[in-house]
1. Taking each full run of DSSP H in the chain as one helix, which ones are at least 27 Å long along their axis (Cα atoms) and have mean Kyte-Doolittle hydropathy of at least -0.5?
2. Going toward the positive end of the dipole of the chain, with +1 on Lys and Arg Cβ and -1 on Asp and Glu Cβ, which of S57, I172, S16 do you reach last?
3. Full extension from A7 to H185: what is 0.36 nm times the residue separation minus their Cα-Cα distance, to one decimal in nm?
4. When N is the residue count of the chain, what does its C-alpha Rg come to as a fraction of 2.2 N^0.38 Å?
5. Among F75, S222, V100, which residue has its Cα furthest toward the positive end of the charge dipole of the stretch 9-242, with +1 on Lys/Arg Cβ and -1 on Asp/Glu Cβ?
6. Compute the accessible area per residue over the chain, keeping the other protein chains in place, probe 1.4 Å, unit Å².
7. Using +1 on the beta carbon of Lys and Arg, -1 on that of Asp and Glu, and nothing else charged, what's the dipole of the stretch 1-63 about the Cα centre, debye to 20?
8. Let's see if you can work this out: charge +1 on each Lys and Arg Cβ, -1 on each Asp and Glu Cβ, no other charges. What is the dipole magnitude of the stretch 9-242 about its Cα centre, in debye to the nearest 20?
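The values are calculated or read from the model by the stated rules, or taken from the named source; none is laboratory data. None of these values were measured; they are calculated from a predicted model. Methodologically, a virtual Cβ is constructed for each residue, glycine included, from the backbone with ideal geometry; neighbour enumeration extends over all protein chains shown. For the accessible areas, the whole protein counts, side chains as well, though only heavy atoms, and no ligand, DNA or RNA atoms are used. Shrake-Rupley method; radii C 1.70, N 1.55, O 1.52, S 1.80 Å.
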Amino acid sequence: MEGNEQARWPRARISSNGVTHIRWINPLIVAWWSAAFPGFGHYLLNQYIRATLLTLSEVVFNTLAHINEALVYSFSGNFSLAVGVLDPRWAYGYLLVYMVAIWDSYRSSLQNNRFFQLAELENSRLKPFFLGRMEVQYLEKKSPVKAALFSAAFPGMGHLYNHRVGLAFYAIFWWWFYLTASRLHTACYLLFYGRIQASTQILHPHWLLFMPSVIGGAVYHSFTTAIEHNRLFAIEQRQYFAERYGNCSIRIFPRPR
């Protein structure tokens, strides 16, 4: 079969946006990342449109409902202040979106794993190269450790390494926003000079609380994506050699005795 255009259950497809693939994934892992940050579980399933809309909903509804501020007060033991700062009009909507995001990602991961098994059985031919008007994309061996380190240094860089251009610059934009809004760079600068109290007071906790989930999700997603790209690269190589040399009588290595 030429390419995977005629395949009923393709493993992957290369376009100007990068490599979109289907893989087996633990539904509990998907649900956990959706709980950490709504939309992240859908990113693991390569459902980029709904994932992006969910991440935007998380930021907007969390900000309007003051969820992160309430969490800060709760962790400090100031439960009355936590209740007082919440806006119930947005908090109920946030809770609904949050729970549906977890449920939908878990449900989608179960169906995704069924499709993955069908795709493995069909074993459709992969196209290793895409040449478009604006972008060149291809399958290649990648280092998962490098992808994770790039994302740890600055979220989005690991996705750029994996050729997910749109997701990479979306993550880069939001990381710059979080750094600016939380004033983390200024706080680190003051901390470096020993001004601990000033460093703590200048931080904006609402935007700061988004950052651990974002950097953790970026590292995990880029790491697992690099692993999957390596698997697809190996599959395509096997398919090519089996197709081209499968009936060849010449043997490079002697038959095992």
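1. Span-like helices here: 88-122, 210-245.
2. S16
3. Additional length available on full extension: 59.1 nm.
4. Against the empirical 2.2 N^0.38 Å value, I get 1.24 for the chain.
5. The residue sitting farthest along the positive end of the dipole is S222.
6. For the chain, the solvent-accessible area averages 59 Å² per residue.
7. Result for the stretch 1-63 is approximately 120 debye, rounded to the nearest 20.
8. 580 debye
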